[in-house]
1. From the list GLU136, GLU121, which one is more than 16 Å from the chain's Cα centre (by Cα), of a type in the set (D, E, K, R) and closer than 23 Å to SER9 by Cβ?
2. Please verify whether LEU15 is touching a helix residue (DSSP H, G or I) at 6+ places or on another chain (Cβ under 8 Å) and more than 19 Å from ARG139 (Cα to Cα), treating the condition exactly as stated.
3. With SER34, SER27 as the choices, which residue is of a type outside the set (Asp, Glu), assigned to a helix (DSSP H, G or I) and in contact with a Ser or Thr (Cβ under 9 Å, 6 or more places away or on another chain)?
4. Are any residues in the stretch 37-66 of a type in the set (A, V, I, L, M, F, W, C) and assigned to a helix (DSSP H, G or I), and if so, which ones?
5. Pull out all pairs, ordered by first then second residue, where Cβ-Cβ is under 6 Å, the residues are six or more apart or on different chains, the first lies in the stretch 64-92 and is farther than 20 Å from ALA118 by Cα, and the second is surrounded by fewer than 15 Cβ atoms within 10 Å (Cβ to Cβ) and of a type in the set (D, E, K, R).
6. In the stretch 85-108, which residue that is under 14 Å from the mean Cα position of the chain (by Cα) and assigned to a loop (DSSP other than H, G, I, E, B) is nearest to ILE14 (Cα to Cα)?
7. For ILE21, only one of the following conditions fails: (1) touching an Asp or Glu at 6+ places or on another chain (Cβ under 6 Å); (2) without any contact (Cβ under 8 Å) to a residue 24 or more places away in the chain. What is its number?
8. Which residue pairs have Cβ atoms closer than 7 Å, lie 6 or more positions apart in sequence or on different chains, and pair a first residue in the stretch 34-59 that is free of Cβ contacts under 8 Å to residues at least 24 places away in the same chain and on the phi > 0 side of the Ramachandran plot with a second residue that is surrounded by fewer than 23 Cβ atoms within 10 Å (Cβ to Cβ) and aliphatic (A, V, I, L, M)?
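Just so it is clear, none of the values below were taken in a lab; they were calculated from the coordinates. Computed from a predicted structure; not experimentally measured. Positions of Cβ are generated from backbone atoms using ideal geometry, with glycine treated the same way; all protein chains shown enter the neighbour counts.
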Amino acid sequence: MNHDAYEDSYIAGILNSVRTIAIVGASVNDVRPSYFVAKYLIDKGYSVFPINPGHAGKEILGRPVHARLADVPEPIDMVDVFRASSAVPTVVDEVLALDPLPKVIWMQLTVRHDEAAAKAEAAGIKVVMNRCPKIEYARLAREIGWNGVNSRVISSKKPMMRRGFQSFGIRQK
């Protein structure tokens, strides 16, 4: 797969199909990107499992922090990686040891490891690299323009009220 550009339908398909997300590298610090990504995803209705061995046993946003992916008590649909690119092969090996396998490995902005991605894809796992699910969700739901960001889309559709934030929901093309 070409990981330099993703079709909106690929990203929307992922975000519409996953329900449980493990965030590897989740932080207890509320100004860290992993913290507010977790908060946003929780507000959108996803079940989020923070993964951070240094904070195992604590809570982030009311969710217990697990030391490793294997400690999560239910199947994981997506693993969101907030770690350096050099840590990705280890994360992918941990993912491949899970049963059942997650549907998706998502690497955050600036995180990319093509060899580890190929290994995951060979096992049937979808991969997204150098993207943020919070940003992609907001972009596809047309929420990103509410914050003054030019989304290059003009719409007369009114937002629908949902639990958490107002949302159009993710549109598939």
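1. GLU121
2. no
3. The conditions single out SER34.
4. VAL37, ALA38, LEU41, ILE42
5. VAL65/LYS58
6. Applying the filter and picking the extreme gives LYS103.
7. The one condition ILE21 does not meet is (2).
8. As it stands, the answer is GLY57/VAL65, since those pairs meet every condition given.
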